[in-house]
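This report refers to the structure that appears directly beneath it.
The values are calculated or read from the model by the stated rules, or taken from the named source; none is laboratory data. This is a predicted model, so every value here is computed, not measured. A quick note on method: Cβ atoms are made from the backbone with ideal geometry, for glycine too, and the neighbour counts reach across all protein chains shown.
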């Protein structure tokens with residue numbers, strides 16, 4: 001004899017409570033979304049309002065100007081744009097492959113007992129305060145790079161202008177390596193989840209057809225995860241673009257465009273962090289706001305590029321399927 005579970009019919013009071021709960025849920029989530037949008041608008045408004053004075057004075061020429069003279073109120077962002085581009089390029093070129101390799105090891109090659117320990121330690125890199133990482137860069141990594149790595153690079157590749165005379169421990173190259181360390185946990189964590197999300201049947205099928213482990217990784221895991229890897233690298237780039245304290249501690253704070261990576265420099269974020277509190281004039285403060293506005297625009301462009309890349313690969317993959 002089958003039994004049918006007894007369900008109590010909904011009363012009018014319960015229906016009313018459910019409708020009120022649904023309405024409250026909608027209102028609270030809508031308010032949270034609107035608050036996030038309002039916060040973003042407030043930040044953008046404040047930054048561009050603060051940059052109005054310098055924009056009126058220098059116009060778009062501020063972007064290409066290479067002079068930063070607080071005494072004569074002449075400012076330009078060209079050197080800081082160059083420093084930002086170079087340090088972020090070093091971070092992606094060094095940290096990107098390193099992070100992807102870590103993710104592949106943890107998802108495809110490492111024994112189960114090792115995955116948890118190594119994965120946790122890698123993710124803990126993100127918990128290190130940037131000021132602590134900057135101090136480590138000054139006291140440990142900077143001197144090591146300046147006394148061992150840079151002289152070797154100069155002796156082996158000195159004919160390339162990028163690898164000039166070694167520095168004393170504060171330069172663009174060291175700042176780029178600090179940023180590379182900072183983006184590794186972000187990119188590695190995202191890529192690891194992407195690789196674990198690849199259907200196991202596809203991997204086993206490739207191995208059963210005679211593919212080597214590398215061929216399976218290249219043809220199945222990396223191929224199916226390309227949109228996510230691109231997005232992970234963009235997120236890492238965003239982390240590198242916005243970092244200020246650690247870069248300020250190791251980059252040397254120089255307002256010059258040097259071809260050699262072993263010379264001091266500066267970035268948009270580090271210049272803002274170093275001089276905003278001690279700005280000597282309203283024009284200098286406005287110029288620093290102008291740097292912040294440029295940084296905001298770059299961040300917006302990188303995020304839009306990430307969306308375009310991900311959607312294009314998804315369209316191609318859907319069409320192929």
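In the set 292, 306, which member is farther than 30 Å from residue 161 by Cα, surrounded by 14 or more Cβ atoms within 10 Å (Cβ to Cβ) and at pLDDT below 85?
Exactly one of 292, 306 is farther than 30 Å from residue 161 by Cα, surrounded by 14 or more Cβ atoms within 10 Å (Cβ to Cβ) and at pLDDT below 85, namely 306.
Among the residues of segment 125-152, write down those that are part of a helix (DSSP H, G or I) and without any contact (Cβ under 8 Å) to a residue 12 or more places away in the chain.
Start the filter on segment 125-152 by keeping residues that are part of a helix (DSSP H, G or I), which leaves 125-127, 130-152.
Within segment 125-152, 127, 132, 136, 139, 140, 144, 148, 149, 152 meet the criteria.
Got a number for residues in segment 194-215 being within 18 Å of residue 105 (Cβ to Cβ), assigned to a helix (DSSP H, G or I) and over 29 Å from the mean Cα position of the chain (by Cα)?
Residues in segment 194-215 being within 18 Å of residue 105 (Cβ to Cβ), assigned to a helix (DSSP H, G or I) and over 29 Å from the mean Cα position of the chain (by Cα): 5 in total.
Touching a helix residue (DSSP H, G or I) at 6+ places or on another chain (Cβ under 9 Å) and either buried (at least 19 other Cβ atoms within 10 Å of the Cβ) or within 17 Å of residue 100 (Cβ to Cβ) (or both): which single residue out of 192, 218 fits that description?
None of the others qualify; the one that does is 192.
Sort through 240, 274 and tell me the only one that's surrounded by 20 or more Cβ atoms within 10 Å (Cβ to Cβ) and assigned to a helix (DSSP H, G or I).
240
For every residue, the table says whether it meets (1) modelled with pLDDT under 90; (2) within 28 Å of residue 264 (Cα to Cα).
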site: 42; (1), (2): no, no
site: 47; (1), (2): no, yes
site: 69; (1), (2): yes, yes
site: 87; (1), (2): no, yes
site: 117; (1), (2): yes, no
site: 123; (1), (2): yes, no
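In contact (Cβ under 8 Å) with a residue 40 or more places away in the chain, farther than 20 Å from residue 248 by Cβ and crowded, with 16+ Cβ neighbours inside 10 Å: which single residue out of 100, 174, 183 fits that description?
Result: 100 is the single residue among 100, 174, 183 that is in contact (Cβ under 8 Å) with a residue 40 or more places away in the chain, farther than 20 Å from residue 248 by Cβ and crowded, with 16+ Cβ neighbours inside 10 Å.
For segment 59-86, which residues satisfy the criterion of being in contact (Cβ under 8 Å) with a residue 40 or more places away in the chain, in a helix (DSSP H, G or I) and under 13 Å from residue 257 (Cβ atoms)?
Residues satisfying the conditions are 78, 79, 80, 81, 82, 83, 84, 86.
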